[in-house]
Amino acid sequence: MFSGPPADPAAPTGPGLPAAAAVPAPTGDVPRSGEIPGGASGPRAGRSWTAPLLLCAAGVLALLVALLGPGLVARGTGELRIPGAGLTTVLRTVLFAALALHLGELIAPQLVRPVRGRPRTAVRSWAVYASLAGAAAAAGQIVRLAAVSDLGITETYGTREGGLLLLIANGLVLAAFCAASRRPALALAPLALVIGAEALRAHPEAYSPEFGAALTVVHLTAASLWTGGLLYVLRTMWLWRDSPVAARALLGRYARLAIWLYVALAATGTASTLRRLPLDVVFTSAYGRTLLVKLALMAVVSVLAVAARRRMLRDADPSVAHLLARREQAVLGLVVVVSAILTVVPDPHWISLRP
């Protein structure tokens, strides 16, 4: 499963090939890389299109879920319609993804360095682009809030939500500057500020907002480290595909960290659910329905994570575990979208109190 980009047709295909295999034949047509005589495409050519197509399909699916999800889960609940809920979900998905990518790039290298016999190559950083995209998403939410509230941009900054979104946007811009500097670890401070501001923004309710914000800080941090850390590890394993021992060791180190992140997610998620979702509206509120979808996806993630860990312990070749972890990452992407929907749908308490 550690398949890379198509090899250079002018380069030898492997270090152990005899000289005759690396030199073109003196007569006849030489097949191109990925082709077989007769013009048919071989497996390599087919695989070269598979990954981009799957990524495009996953992106379209995530976009559709973000745009249509809030309306679908609220259908028949009698809850008030949230203006621009689909666009807000898309923007919040980008924001959560940016946090995950940047935090993952800060924590995952600490797992890479102790691996013995590891290649000296490192994946290219996406932190700057991620944080700038997150800042743009926060700015987009400010513009949407101004349009919905019929306020000017300056007046929107004076509202509670507008001020927190401005703080989030500025924090992500500062994190991008830190990532581009010689000391990228300095980005931890502005990212912590962003997480704190997002936790406060997500809990404007009158009942114990401080407790809810504290739970969100832990939950959002753990979720970002899990999702972003796994992506960084998978990218590194692909880069190390010729060093399976090092790749297997790296996945094992991440798996040990992921256990503690999973515990933190389960504990804070359970506490938040008991605090925010009345039992009598689990199936009749948009929040309850969205939460059920998220729990189902998390169950799939858990099964894939356990399966990947078992294969990693059983097999010396980490390719199967790598494939399972990639599927886990794909489902986690949907979890990020569903989590964004949770922050957009109405608070379910009011529907529980209706006569």
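Rule-based calculations on the coordinates, nothing more; no lab input. Source: prediction; values computed, not measured. In this analysis, Cβ positions are derived from the backbone assuming ideal geometry, glycine residues included, and neighbour counts consider all displayed protein chains.
Extending 7 Å from the Cα toward the beta-carbon at both TRP260 and GLN329 defines two label points whose distance is 2.3 nm.
Annotation: amide H of VAL282 has no partner in the under-5 Å range at sequence separation 5 or more or interchain, hydrogens built in the peptide plane. The calculated FRET efficiency for the pair ALA147 and ARG124, based on their C-beta separation and a Förster distance of 41 Å, comes to about 0.65.
Once the Cβ-Cβ distance of ASP280 and VAL320 is raised to the sixth power relative to R0 = 35 Å, the FRET efficiency obtained is 0.20. Centre-to-centre, using Cα atoms only, the range 67-127 and the range 312-326 are separated by 24 Å.
Using the Karplus relation 6.51 cos²θ - 1.76 cosθ + 1.60 with θ = phi - 60°, the per-residue 3J(HN,Hα) values for the range 327-343 come to 5, 4, 5, 5, 5, 4, x, 5, 4, 4, 5, 5, 4, 5, 4, 4, 7 Hz, with x marking Gly and Pro. 3J(HN,Hα) couplings calculated from phi for the range 264-275 with the Karplus curve 6.51 cos²θ - 1.76 cosθ + 1.60 (θ = phi - 60°) are, in sequence order, 4, 5, 5, 5, 6, x, 5, 5, 5, 5, 5, 7 Hz; Gly and Pro show x. Computed from backbone phi with θ = phi - 60° and the Karplus coefficients 6.51, -1.76 and 1.60, the 3J(HN,Hα) list for the range 201-207 is 5, 7, 10, x, 5, 7, 8 Hz; x is used for glycine and proline.
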